[in-house]
Every structure is written in C-alpha cells, then in structure tokens.
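The values are calculated or read from the model by the stated rules, or taken from the named source; none is laboratory data. What you are looking at is a predicted structure, and each value in this text was computed from that prediction instead of being measured. Virtual Cβ from ideal backbone geometry, glycine too; neighbours counted across all protein chains shown.
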Amino acid sequence: MNATSSSQPPTALSTLAVTGLRVIATALGFARSEAGRATRAARSRWLLLGALPFLAGCAALPETTRQTLIVERDLVFAVRQGGALRADVYRLPGRDRPAVVVVHPGGWVSGDKSNVGRLARRLAEAGYVAVAPRYRLAPTHRFPAQLHDLKEVVRWMRVHAEELGIDERRVAAFGYSSGGHLAALLATSDPEDGLEGPTAFPGVSSEVQALVAGGSPTDLSNLGPNPVVPQLLGGSADELPDLAAAASPVSFVTPDDPPAFLYHGRFDLFIPADQSRRLQQAFAREGVPSQLDLGFFGHFSTWLFGTDQERQAIAFLDRWIGKDAPLLSVRETPAPAL
C-alpha cells in the first residue's frame, strides 16, 4: 500500500473557519429570500447541514499529538467511476487492534474524511484503528452509492488487516448526522437486502460488530419535507417511497444486528431526536442490545461539544469490541465482483 505518514495536527483552521461562516451566511441569505415561513425554516435548516463539516474543522483545535500515533493518509481502498476512493488511517503501533470506520457528516452532499480527524485521533488514542474514508457524494452519485463505498472500505480493512494492525473480527461503524445514517445502514443491512454493491473482494464480509450513530436520520419516510433527501434519492420520499424505505436503517433491523449506541441532542432542530428514538425502539423490539443518550444540545453543538457522549461511545465500544470483549461472529458475504 502507498502511504503518507504524518503525526502533525491540523493547521488550516482560519481557512476552515472562514469557509464555514461563508456557508452559513449563504444558507441564511438564501432562506431569507424564499417566500413562505415553512419553506424558509426547512431549507435553511437543511442548507446549514452542509456547513457541519466546516464547523467540525473549526472545532479541531491543535492537539498535542503523541509521537507514537501513526497517521497514514490517502490509502486507496476502491476505484469507482470518477476515480480512486481513499481513506486516512489513525492508529497506534501494535497488532490485532479493534477498528472503527469513522463516517463524515455533510448532509450526503458535502464533507470529507478530514472532517472527522479529531474524532479519529481520539479513537486511535483509545486503542482503536480508526479508518476515515472518502465516499461518493450526492447529487452526482445517488443512493446507494455511498453505502456501497462504506461496505467496500470494511472489506478492504479485513483484507489488509495484518498491515493495518486490525483484528478483523472486531470492526465498528461510527458516524454523526448523515454519517450516522450511513453507519447505521452499514450495521443493519444484510447481504440478502441487495445493498452490498460491486466489490474487488468477493467473499469478504462487510458486516460490523458494533454501531455508534449520533444525530442521525434513520427513517427517511418520516423525516418531513426537506431539500436534501431528494438530492440523495433523486426525488422526495413521497415520490420514491420504496427507495426512501431502502435508505432507512429502521427498515432493516433484525435480531442479528450488532449492539448500538445512539445519541442525539434534545433540542436538535435539524434532525428531530425522534429519529434516533425510532431506531432504538426498532432495536428493542428485535432484542438487539442498544442504548440511547439524549443530551441538552442541538444538532451542531452536539457534534462540536458532545465530548461526553463520545466518551460514552468509546466505553460502549470497549465493552462490545474491545480486546477483552467476547467475539461476535463474522459471516462471509457473497457479493458480485467488479
């Protein structure tokens, strides 16, 4: 594998801050120009989701990075139409460490793997191999392209487990907002659901053994009108009800799903907390171990300042996929070759 190693903290904070503020200003200005209070409110909320990755960058203040932390950037895990897909890997030296796929937010239409660098570093320093992939974005690439890319990065992690120091039997998905939605789909969808996608690693499992999802839309059919879901699906949930259901984690919950830690801000005006409640209730009905933490923040503030919920999430991962946790089964996943 080609790798670029680095242990330096992010430095372009001022640029990220200005960019984030410009995105917010654009969103608010657009909202003011629209007619109708309901339309203004809905569109401004969803346009602001596009600013979430930039705000994440603003929050990633320089950290004192341990010299032993290894950061390998831009490792190619798949080649799709339009070019190579790359991932950044954060890890400490060692072998057979549990791993976490860290899925960036951005309303499915924006964002980049660098936006989860702070979280990936925190997971790596807690003993996990954190893999932050780039995935294809809407509207250029409609659903399920994003899920196909995430399933492929899990397979790639297992194929390269020895080089990356990963215990391939202990892999989790962690995401926030739209990233949490995709992480939840990664955890709940099974091979028979028809969402595996093309792969260069036939027979290698894309399953994960634990889920952490924060501030996530989990039932697109009941999310309400918004301008972003049509960009993901190619139409509204009302226009494409079957596709909306296929893009909803609640549709795929079964008793064999991995344990899940969900968190949400009680005052989230962008993604209602009821979305996480719906998924947690579905897990409960099927007997899947799950936990829901509702904090006293909104959507952006939970992402930026929800460090206590991240601490709880890491403790949850320690319990279920940590080195001393009992192993969960990993089954082979038949999938069509490229």
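Of note:
- Meets criteria (surrounded by fewer than 22 Cβ atoms within 10 Å (Cβ to Cβ) and on the phi < 0 side of the Ramachandran plot) for residue 200: yes
- Subset tally (residues that are assigned to a loop (DSSP other than H, G, I, E, B), of a type in the set (A, V, I, L, M) and touching a strand residue (DSSP E or B) at 6+ places or on another chain (Cβ under 7 Å)) for segment 252-278: 1
- Considered as a group, the residues in segment 136-163 that are under 20 Å from residue 202 (Cα atoms) and aliphatic (A, V, I, L, M) include one that is surrounded by the fewest Cβ atoms within 10 Å (Cβ to Cβ), and that residue is 159.
- Test: residue in segment 236-254 that is within 19 Å of the chain's Cα centre (by Cα), of a type in the set (D, E, K, R) and farther than 17 Å from residue 108 by Cα: no
- Matching residues in segment 302-330 - criterion: being of a type in the set (Gly, Ala, Ser) and in contact with a strand residue (DSSP E or B) (Cβ under 7 Å, 6 or more places away or on another chain): 306, 313, 322
- Criterion applied to 291, 281 was being part of a strand (DSSP E or B) and either under 24 Å from residue 206 (Cβ atoms) or more than 16 Å from the chain's Cα centre (by Cα) (or both), and the one residue passing it is 291.
- Any hit, segment 156-168, residues being within 15 Å of residue 89 (Cα to Cα) and touching a Gly at 6+ places or on another chain (Cβ under 8 Å): yes
- When residue 197 is tested against (1) in contact with a Ser or Thr (Cβ under 7 Å, 6 or more places away or on another chain); (2) farther than 29 Å from residue 295 by Cα, exactly one condition is not met: (1).
- For segment 245-288, the candidate set comprises residues that are among the aromatic types (Phe, Trp, Tyr) and either at pLDDT 95 or above or farther than 20 Å from residue 226 by Cα (or both); within that set, the residue that is surrounded by the fewest Cβ atoms within 10 Å (Cβ to Cβ) is 252.
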